[in-house]
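The structure appears right after this line, and notes come after that.
The values are calculated or read from the model by the stated rules, or taken from the named source; none is laboratory data. Worth saying up front: this structure is predicted, and the values here are computed from it rather than measured. Note: ideal-geometry Cβ built from the backbone for every residue, glycine included; neighbour counts use all protein chains shown.
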Amino acid sequence: MSDQEIHEGLEGITVAETRLSFIDGEAGELVIGGYPLSELGGNATFEETLYLLYNDRLPTQSELEEFSDELAQYRSLPEGCLEVVRSAGEAGVVPMDALRMGAAAASLDQDGEDPERDKLVIVARLPTIVAAYWRARNGEEPLEPREDLSHAGNYLYMLTGEEPSDAQVGGLEAYLNTVVDHGLNASTFTGRVIVSTESDLYSAITGAIGALKGPLHGGAPGPVLRMLLDMYESGDVEGMLREKLEAGERLMGFGHRVYKVRDPRAEVLSSAAESFYQEDGDSDFFELAKEVETEAVDLLEEYKPGRRLDTNVEFYTAVLLHGIGIPDELFTTTFGIARAGGWTAHCLEQLENNRLVRPRGKYVGEKDRTWTPVDER
Ligand code: CMC
């Protein structure tokens with residue numbers, strides 16, 4: 001089989017049909033469940049987006065209420081899971097490790113496997129895991145979830161102990177909707193590979209969290225925020241950007257492997273951030289972010305002509321989540337909370353028409369070695 005063609009990173013390989021999301025990197029287009037992101041992102045609640053992914057249509061009012069109630073009833077963690085997460089917080093492990101440990105233990109009170117139920121249990125519990133970990137890490141007692149708040153609202157409440165404003169909830173929902181699904185990215189594919197063996201959803205999502213943790217996937221909104229805060233302090237946007245580019249550094253929040261124009265998620269997140277900061281935030285910080293974006297895109301054209309580097313999802317993720325009050329250390333776990341919607345929907349889609357994922361490797365090692373006993377080596 002020496003003529004086997006290698007597709008490193010599976011680049012360009014199509015392995016499944018999906019109705020969940022569509023990406024056109026040249027046109028800067030992202031469609032989720034049939035809706036262009038611009039239609040869905042700022043309009044839907046996260047519960048509506050989840051329902052859409054699971055059912056391929058938006059719910060009626062009564063369906064939405066029933067779905068939201070069912071989801072909310074799974075939020076509390078089983079005692080053993082809470083203990084794991086609390087220990088993770090007290091030990092000060094990194095947030096994505098705590099999320100992985102919590103997800104693995106989230107099935108403790110569930111009887112047998114039922115993918116339709118398990119997808120809801122997982123999505124409902126990830127925010128509780130992150131919030132309980134965060135409070136334990138800061139020496140605070142984890143809070144019981146509140147069933148009267150929305151998925152997004154309850155997450156913010158469990159982090160801070162305070163009921164969030166409508167602007168905070170709306171901003172977070174826009175974020176969760178925007179990043180809920182994005183084709184067969186590494187973590188989503190990981191989940192699909194795991195359920196393709198007919199393993200369970202908790203295993204799949206635990207694996208997906210592991211894949212999302214890596215810096216090549218979980219992204220860099222933390223560094224974007226640090227860059228913006230530095231510029232906010234110094235006020236010298238152009239000078240600081242030029243300094244980075246002269247030093248050969250990459251500007252965080254710009255450039256994308258797939259999108260060669262402005263990432264459509266940046267569009268939705270910048271509008272959401274604008275609305276949020278107008279109502280509830282430090283509008284000077286938002287104005288600075290806009291200035292940085294414009295300046296950076298111009299300078300990238302000057303320093304990297306023809307590379308088509310534009311704003312990516314991470315730029316306004318940092319601006320929006322920071323405004324809402326999510327600590328930057330929790331940016332990637334919050335991404336996981338959102339993407340769990342896509343992960344679980346993809347797992348169910350894989351199971352609908354399953355075929356074991358089993359690619360091949362091209363062997364390049366020796367073939368004729370003869371055994372040497374250990375004392376003769
Ligand atoms: N700032 C400055 N130069 C850049 C940047 C940037 N942000 N991104 C790419 N370039 C340059 C790069 O140096 C190279 O120049 P040259 O040809 O002179 O060597 C050229 O553009 C092409 O770069 P590349 O590495 O081949 O492009 P890629 O498709 O592999 O990179 C990327 C994509 C996202 C890794 C990269 O743009 C980058 O490092 N951006 C900064 C980090 C960042 O914002 N990451 C979050 C990405 S969004 C994640 C998601 O969608 O989940």
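Considering only residues that are over 25 Å from residue 164 (Cβ atoms) and in contact with an Asp or Glu (Cβ under 7 Å, 6 or more places away or on another chain), look in the range 267-309 and name the one that is nearest to the ligand (Cβ to nearest atom). Among residues in the range 267-309 that are over 25 Å from residue 164 (Cβ atoms) and in contact with an Asp or Glu (Cβ under 7 Å, 6 or more places away or on another chain), the one nearest to the ligand (Cβ to nearest atom) is 297.
When the range 315-357 is filtered for residues that are under 16 Å from residue 169 (Cα atoms), away from the ligand (no atom under 16 Å from the Cβ) and of a type in the set (A, V, I, L, M, F, W, C), the ones remaining, listed by number, are 324, 326.
Conditions (1) among the charged types (D, E, K, R); (2) outside any loop (DSSP other than H, G, I, E, B); (3) at pLDDT below 95, marked per residue:
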position: 331; (1), (2), (3): no, yes, no
position: 338; (1), (2), (3): no, yes, no
position: 341; (1), (2), (3): no, yes, no
position: 344; (1), (2), (3): no, yes, no
position: 347; (1), (2), (3): no, yes, no
position: 366; (1), (2), (3): yes, no, no
position: 371; (1), (2), (3): no, no, no
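Under 7 Å by Cβ, and 6 or more places apart or on different chains, what pairs join a residue from the range 300-324 that is touching a residue at least 12 places away in the same chain (Cβ under 8 Å) and among the charged types (D, E, K, R) with one that is within 11 Å of the ligand (Cβ to nearest atom) and in a helix (DSSP H, G or I)? Short answer, once both residue conditions are applied: 310/297; 314/221; 314/224.
Give the number of residues within the range 270-303 that are touching a Gly at 6+ places or on another chain (Cβ under 6 Å) and not in a helix (DSSP H, G or I). Number of matching residues: 1.
Every condition in (1) more than 17 Å from residue 330 (Cβ to Cβ); (2) away from the ligand (no atom under 16 Å from the Cβ); (3) out of contact with any Cys (no Cβ under 8 Å at 6 or more places or on another chain) holds for residue 154 except the one numbered (1). When only residues in the range 145-161 that are of a type in the set (S, T, N, Q) and part of a helix (DSSP H, G or I) count, which is nearest to residue 89 (Cα to Cα)? This residue is 160. The condition (being under 22 Å from the mean Cα position of the chain (by Cα) and within 25 Å of residue 202 (Cβ to Cβ)) is satisfied by just one residue among 21, 87: 21. Name the helices (runs of 4 or more DSSP H) wholly inside the range 171-264 in which the number of residues that are within 12 Å of the ligand (Cβ to nearest atom), among the polar types (S, T, N, Q) and crowded, with 21+ Cβ neighbours inside 10 Å is 2 or more. Passing ranges, in order: 186-196.
Of the residues 14, 18, 60, the single one that is touching a His at 6+ places or on another chain (Cβ under 8 Å) and not aromatic (Phe, Trp, Tyr) is 18. Filtering the range 142-156 to residues that are surrounded by 22 or more Cβ atoms within 10 Å (Cβ to Cβ) and either among the basic types (Lys, Arg) or more than 12 Å from residue 124 (Cβ to Cβ) (or both) leaves 152, 153, 156.
Evaluated against (1) more than 30 Å from residue 355 (Cβ to Cβ); (2) surrounded by fewer than 15 Cβ atoms within 10 Å (Cβ to Cβ); (3) within 21 Å of the chain's Cα centre (by Cα), residue 45 falls short on exactly one condition, (2). For the range 157-174, a residue qualifies if it is under 18 Å from residue 82 (Cα atoms) and touching a residue at least 60 places away in the same chain (Cβ under 8 Å), and the qualifying residues are 159, 160.
Is one or more of the residues making up the range 60-77 at pLDDT below 95 and either more than 18 Å from residue 183 (Cα to Cα) or under 21 Å from the mean Cα position of the chain (by Cα) (or both)?
Scanning the range 60-77, I find no residue that is at pLDDT below 95 and either more than 18 Å from residue 183 (Cα to Cα) or under 21 Å from the mean Cα position of the chain (by Cα) (or both), so the answer is no.
Checked against the criterion of being touching a Leu at 6+ places or on another chain (Cβ under 6 Å), without any contact (Cβ under 8 Å) to a residue 60 or more places away in the chain and either of a type in the set (Gly, Ala, Ser) or under 25 Å from residue 185 (Cβ atoms) (or both), the range 279-291 has no qualifying residue.
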